[in-house]
Structure formats: C-alpha cells, structure tokens
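The values are calculated or read from the model by the stated rules, or taken from the named source; none is laboratory data. Model, not experiment: these values are computed from the prediction. Cβ atoms come from the backbone with ideal geometry, glycine included; neighbour counts cover every protein chain shown.
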Amino acid sequence: MIRSRLPLFTALVSSALALAACGEDPLFGPPTESVCPPDSTLTYENFGQPFMEDYCTRCHSSELTGADRNGAPSFHDFDTVFGIRAVSEHIDETTASGPAATNDSMPPDGDTPSLEERQQLGEWIACDMPTDADLAAAR
Ligand code: HEC
C-alpha cells in the first residue's frame, strides 16, 4: 500500500513546488494592449530581427538544440519572422510594454532591453510584425 502510493506522492510534491516557483515570478503578464500608430516605421529588418538577436536568439533559435537552448521551449524560435509571428501573443505577454502592462520576465538573464525597446516591441507586434516588403506594399 505505502509502496504503491509513493510515486504519486512524489509527483504531487514536485508539481506543488513547480506551482510555487511560478507564483513567485510569473512567466506571463497581461496583454500590453499596445496599439499600432498609422505612421509606424518598425519592420522585421530595422527592429524585430536586431531586437531578437540582441536579447533572445542565444536561447530561442531553430539552430540550437538540447542544452544549448538553456531551457527555452521547443517551437519558440525567434531567428525568423515566421517563428516570431507563431507565438507573438506570448512574446507580448513576457517581453513587451504598452498601455496596459510592462512585461519583463524575458530575457531571464544577461542584457535586457530598455523600456523604449520593450514599447517598440509592443508596437511592432500590434502592427502585425511587418517586414520591409510588407510595409512597402502597404504604401
Ligand atoms: C537565457 C536563455 C533565454 C533567453 C536569452 C530568452 N529566453 Fe525566453 N525562455 C527561456 C526559458 C528557459 C523559458 C521557459 C521558462 C519557463 O517555462 O518558466 C522561456 C520561455 C519563453 C516564452 C514562453 C514560452 C511558452 O511556454 O509559451 C516566451 C514567449 C519567451 N521565452 C520569449 C523570449 C523573448 C522574446 C526573449 C528575448 C527578449 C527571450 N525569451 C529570451 C530562456 C530564454
């Protein structure tokens, strides 16, 4: 009896610890409610790509596997605009700043973006993450 229940008990204790860890420093904040100004000039090439290269792709890159990801989850790869667009809500809720919230759980260590850069990230996401070509086509 005791023997058979031990694995369940261990599982419960470890999930309780995982929940406690989340409670202390939540990964996701609220949506920033950022808006896209009609004259926004931010593109993947002039903002999104350098932002991700400065702060994110040393963990979140399709070129990294296993321990080299430093724990960054699969399918959260920000070395292409497609990878960013796929999880943009989660990027907003961890990294961007806007009228409703400033979210700063990412990056977890190292160089961190300035408040202005986090606001630009919110804006670029709110504008649907255009590339140079998208912006040129829209004009
Ligand atoms: C040092 C490595 C590292 C860097 C740099 C980093 N992350 Fe992360 N990221 C992680 C880890 C580890 C997790 C998983 C955290 C967890 O589950 O508690 C994560 C989780 C995330 C998630 C949530 C994924 C999910 O579960 O849905 C998002 C979104 C994210 N990161 C975005 C970013 C962005 C944007 C940047 C750059 C500003 C960034 N990260 C920089 C390691 C990193």
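Restricting attention to segment 63-94, report how many residues are loosely packed, with under 14 Cβ neighbours inside 10 Å, farther than 12 Å from Met129 by Cα and of a type outside the set (Asp, Glu). If you could, list the steps in order and put the result at the bottom.
Residues of segment 63-94 that are loosely packed, with under 14 Cβ neighbours inside 10 Å, as a first pass: 63, 65-68, 70-71, 73-75, 82, 89.
Subset that is farther than 12 Å from Met129 by Cα: 63, 65-68, 70-71, 73-75.
Then keep just the ones that are of a type outside the set (Asp, Glu); that gives 65-67, 70-71, 73-75.
The number of residues fulfilling the criteria is 8.
Take the residues in segment 101-127 that are assigned to a loop (DSSP other than H, G, I, E, B) and free of Cβ contacts under 8 Å to residues at least 12 places away in the same chain; name whichever of them is surrounded by the fewest Cβ atoms within 10 Å (Cβ to Cβ). Please lay out each step first, then the result.
First pass over segment 101-127, keeping only residues assigned to a loop (DSSP other than H, G, I, E, B): 101, 103-114, 127.
Among the residues that remain, those that are also free of Cβ contacts under 8 Å to residues at least 12 places away in the same chain are: 108-109, 114.
Numbers: Pro108: 13, Asp109: 7, Ser114: 9.
The extreme case among them is Asp109.
In segment 83-126, which residues are of a type in the set (D, E, K, R) and within 8 Å of the ligand (Cβ to nearest atom)? Lay out the reasoning, then the answer.
Just the residues of segment 83-126 that are of a type in the set (D, E, K, R), to begin with: 85, 89, 92-93, 104, 109, 111, 116-118, 123.
Within segment 83-126, Glu93, Asp109 qualify.
Quick check on this structure: which one of Ala86, Ala72, Ala101 is at pLDDT 95 or above, touching a Ser or Thr at 6+ places or on another chain (Cβ under 8 Å) and of a type in the set (A, V, I, L, M)? Please lay out each step first, then the result.
Working: Ala86 fails: touching a Ser or Thr at 6+ places or on another chain (Cβ under 8 Å); Ala72 fails: touching a Ser or Thr at 6+ places or on another chain (Cβ under 8 Å).
Among Ala86, Ala72, Ala101, only Ala101 is at pLDDT 95 or above, touching a Ser or Thr at 6+ places or on another chain (Cβ under 8 Å) and of a type in the set (A, V, I, L, M).
In this structure, is Ser61 under 13 Å from the mean Cα position of the chain (by Cα), within 13 Å of the ligand (Cβ to nearest atom) and in contact (Cβ under 8 Å) with a residue 24 or more places away in the chain?
Taking the combined requirement at face value, the residue does not satisfy it.
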